[in-house]
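Below: one structure, written as structure tokens.
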Amino acid sequence: MNHRHLLPNEIDLLVDGEGGFGLAPLRAHVRECATCRAELEEARQIADALEELPHFAPSLGLAERVMAEVPVFVPWHVAARDAVVRWVPQSRPLRAAALVMGTAVASILTIATLWLVTQADLVALVAGLAGDQIRAVAGDAVRGLAAALFGDQFLVLVQQTGFIGAGLAALGFLTAAAFAVLGLRALASSSRSRA
């Protein structure tokens, strides 16, 4: 006799009535064990009750209602194609007019781009002027910010020693601040241990 009770999956095998190599020992155990016999009978009653339940079909619009709530990922190329299709007129004459207008705009943009490419000196001059202006504005903003944060003496220090000297001064300041924090922590921990 087997000294353990049947597992749920073994009871399910007996309820299903499947034949197989390992079922004979399970059936023999059920004949000898009242607990397993009761569990098997209860499982059979549940299976019979489930079989007697009416079978319902979902309503006709269920799939559409569920799918309307599901977020669907649309690839970028499909979204772009759909956007273009929405903008393309449906009637033939309007489509022809849109094609003529689109071709005209593309031609004008192409000619303008070719003209700019051939005028490389002009483009370089304008880009250089714009770059100088941007550098001047950014430099003034950085100087103003440094003066507001660290004072005018910091700007004098940077002018006299350069950025290396200012960096060394900042490193010295950070080192002093770190030692001050460590000293305060040590003082706080020693006062807590005394209390």
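Throughout, read-outs are computed from the coordinates displayed, never taken from laboratory work. Since the model is a prediction, treat every value here as computed from it, not as a measurement. Glycine gets a Cβ as well: all are built from the backbone with ideal geometry, and neighbour counts include every protein chain shown.
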Exercise for the section: Give a quick list of chymotrypsin sites (Phe, Trp or Tyr not before Pro) in the stretch 70-127 that DSSP marks as loop, anything other than H, G, I, E or B, with at most 16 other Cβ atoms within 10 Å. Expected result: F73
Exercise for the section: Compute the Rg to Rh ratio over the stretch 151-195 from the alpha carbon atoms, using the Kirkwood formula for Rh, and round to two decimal places. Expected result: 1.33
Handout entry: Loop-resident sites, the stretch 52-92, for GluC sites (Glu not before Pro), counting at most 10 other Cβ within 10 Å (DSSP)
Key = none
Practice task
Between L171 and A97, with labels modelled 7 Å along Cα→Cβ, what's the label distance in nm to one decimal, could you check?
Solution key: 7.2
Problem - Mean projected area in nm² (Cα convex hull; one quarter of hull surface) for the stretch 32-100 - result: 10.7
Problem - Estimated inter-spin distance, I111 and V181, nm [label 7 Å along Cα→Cβ] - result: 6.5
Exercise for the section: Could you point to the residue in L14, G183, P75 farthest towards the positive end of the chain's charge dipole, with +1 and -1 charges on the Cβ of Lys/Arg and Asp/Glu respectively? Expected result: G183
Exercise for the section: Write down, largest first, the equivalent ellipsoid semi-axes of the chain in whole Å, where each equals the square root of 5 times an eigenvalue of the alpha-carbon gyration tensor. Expected result: 77, 52, 16
Exercise for the section: Evaluate the distance, in nm, between pseudo-label points positioned 7 Å from the Cα of E52 and of A147 along their respective Cα→Cβ axes. Expected result: 9.5
Exercise for the section: Give the Kirkwood hydrodynamic radius (Å, one decimal) of the stretch 8-52, defined as one over the mean of 1/r across all pairs of different Cα atoms. Expected result: 10.8
Completion exercise
Length gained if T35 through F73 is fully extended, taking 0.36 nm per residue and subtracting the Cα-Cα distance, is 8.3 nm
